[in-house]
Every structure is written in structure tokens, then in C-alpha cells.
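The values are calculated or read from the model by the stated rules, or taken from the named source; none is laboratory data. Here the structure is a predicted model, which is why all the values come from computation and not from measurement. Ideal geometry is used to build each Cβ from the backbone, glycine not excepted, and the neighbour counts take in all protein chains shown. Quick note on the areas: whole protein, heavy atoms, side chains included, nothing else; ligands and nucleic acids left out. Shrake-Rupley method; radii C 1.70, N 1.55, O 1.52, S 1.80 Å.
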Amino acid sequence: MNFYRTDKQRTVSIANYTHYIQGFVHPDRILDEHDFVYIMNGVWDICQNDNTWHVEQDDVIILHGGQHHFGHQDCSPGTHTMYFHISTVPGDSFSCPNNQAAEGVTLETVIHCRSYPRIRLLFQELIAIWFEASPHASRKLNHLFSLLLWELADCSAGSCPTSDPLVLQAMSTLAMNPQKFYRLAELADILHLSEKSLNKRFQAAFQKTVYQYQVEEKIRIVCQFLLDYPDVKLHTVAENFGFYDEYHMSKLFKKYAGISPGLYRRQNAAKQHHILKI
């Protein structure tokens with residue numbers, strides 16, 4: 001387990017994509033920077049000191065600055081990676097204890113990121129920013145790198161409630177369209193699944209049906225909306241979040257929250273950051 005500070009300024013010396021058409025042995029070297037590599041496709045065995053790490057599609061391998069990195073054999077032909085080299089800072093440590101006092105994250109050398117598509121996007125964004133001719137690029141890179149570290153920490157800890165890519169896609173679809181109330185058949189059709197299969201996957205991930213998950217998530221965001229916009233009429237709130245009408249919203253709100261939306265708003269008017277626990 002390695003430790004990386006999240007509160008210090010760093011410098012990205014290079015960030016890019018690499019495509020190994022015929023395969024390639026990892027360079028034998030000791031860098032004074034950290035080397036973060038995302039395997040977009042292909043497989044590779046990469047060594048760090050006395051350990052050999054097998055990485056494949058959607059894995060991230062972190063080669064710590066100051067350590068010996070090398071390879072014994074080629075990666076598979078067609079292996080495609082994203083990578084960047086970033087400066088070390090005081091407080092970063094290799095094989096660190098878990099009780100670091102500094103602000104930062106503790107990470108494994110290899111992290112499986114298939115269930116966290118945001119990590120791939122963050123690598124892509126970091127590379128894009130590195131190529132920018134912007135006077136603010138270095139600051140943006142620092143903030144983006146800190147966000148990437150926290151995302152990697154969540155991924156490593158398995159904080160996501162499910163690794164099912166179709167459930168994750170369904171969750172994303174629901175989150176991006178709060179104005180809609182999806183019928184099971186409609187959502188299943190988007191994902192090219194049967195209704196039974198989609199419900200089964202949600203039951204495995206959340207112990208609830210798609211309908212129950214969708215209603216509870218809507219009630220959560222309605223709770224915050226009621227406090228953020230105290231003057232908006234309930235029928236408008238219902239319309240914004242895909243309920244049939246105010247009565248439909250109020251009935252479901254009371255079922256899941258225990259009180260009506262109007263009473264919830266009055267009781268919590270002064271608690272602008274209160275979010276109901278369902």
C-alpha cells in the first residue's frame with residue numbers, strides 16, 4: 001500500500017496515449033516521478049522491485065517514484081494505454097503504514113477500475129489538459145489529479161454498491177433524467193435487457209426493484225429541492241421530477257418519508273443542508 005498527498009502542488013511532466021502494435025517490454029528504469037498507467041485494452045506484466053503485476057483492460061497500475069520498474073516480456077500486441085508522469089512531494093511514501101497524518105490517500109499498486117468509468121474519463125481529461133496552451137493548465141492538472149486519487153481510493157475500497165455495468169448504466173440514465181419517471185419496460189429497452197433481468201440485477205445490487213430504487217432517489221432529491229426553493233409550488237416540483245401530478249408525488253413522498261412534502265418543507269425550512277435518510 002502506497003500513500004499519496006492530495007494537498008500539495010505537483011507537476012505533470014508528460015501525459016499521453018501509447019499503442020503497442022507489436023507488443024513491448026516495459027522499460028527498465030527508476031524514475032524520480034510517479035508513473036500512472038491506465039490499460040485501455042490488452043494485457044501486460046509489469047515489475048516493481050520484487051513484485052510482478054499482471055494488468056489488463058481497465059486496470060490502473062501506479063509505479064511509485066524512486067522504485068525499480070521493468071518487464072520480462074512483451075505486452076500483448078495491440079495493447080493501448082493512457083499514462084502520465086507526475087512529480088513526487090514530501091509525504092508520499094512507498095509501502096506506507098495506514099496511519100499517515102498528512103492529507104492524502106492510501107492505494108494499492110494495481111486497481112481494477114472497470115466498475116468506475118469516471119476514472120477512465122479523468123485520465124482522458126488529464127491528458128487533454130496537459131496539451132492545452134492555457135496559463136491555468138498546471139492548476140487544473142493539480143485539482144484533477146487530487147480528484148483522480150480520491151476516485152481511485154473509492155474504487156480500491158469498493159465503495160460503489162455494485163460492479164454490474166448495466167446497473168451502473170441504468171443508475172446513470174436515471175440520474176441524468178430526473179424529469180422523467182421511467183417505466184420498467186422503457187429502461188429495460190434502453191439497456192437491451194428483459195424487464196425480469198433488469199429487476200433481478202437491481203435486487204442483487206440494492207435489495208430493491210428498479211421502481212423502488214427510482215422512487216427513493218427521486219424522494220431524496222425532492223427533499224433537497226423543497227428546501228433550496230421554498231417558494232416553488234408543489235405541483236411545479238412534481239412536474240420537475242417526473243411525477244404524474246402533485247397528488248402522485250405527495251402520496252409517494254409520505255409513503256417513503258413518513259410525512260407530506262409540505263410538512264417536511266415547513267419542519268426543515270432552516271436546515272438548508274439537511275437531507276432525509278430513507
Notebook entry, point to check: Among the aspartates and glutamates, which have Cα under 18 Å from the Cα of residue 254 when same-chain residues fewer than 8 positions away are ignored?
Noted result: 216, 217, 239, 245, 246
Check: Under a point-charge model restricted to the Cβ atoms of Lys and Arg (+1) and Asp and Glu (-1), what is the dipole moment magnitude of segment 82-134 relative to its Cα centre, in debye to the nearest 20?
Finding: 240 debye
Checklist line | Most mobile listed residue (127, 39, 221) in the chain, GNM with C-alpha springs under 10 Å | finding: 221
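Counting only protein heavy atoms and using a 1.4 Å probe, what share of the accessible area of the chain belongs to carbon plus sulfur, as a whole percent? Walk me through the intermediate numbers first.
Working: 7750 of 14770 Å².
Roughly 52 percent of what the probe reaches on the chain is carbon or sulfur.
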Next item on the list: Considering only 110, 210, 222, give the residue with the highest GNM mean-square fluctuation for the chain, with springs between Cα atoms whenever their separation is below 10 Å.
Entry: 222
Notebook entry, point to check: Which one of 96, 48, 198 is farthest out on the positive end of the charge dipole of the chain, using unit charges on Cβ (Lys, Arg +1; Asp, Glu -1) and the Cα centre as origin?
Noted result: 198
Note to self: Using a Cα-Cα cut-off of under 16 Å, which lysines could be cross-linked to residue 200, ignoring same-chain neighbours fewer than 8 residues away?
What the structure shows: 208
Margin query: Can you compute the charge dipole magnitude of segment 58-210 about its Cα centre, using +1 on each Lys and Arg Cβ and -1 on each Asp and Glu Cβ, nothing else charged? Give it in debye, rounded to the nearest 20.
Written below: 540 debye
Item checked: Residue-normalised accessible area of segment 32-80, given per residue in Å² at a 1.4 Å probe -> 39 Å²
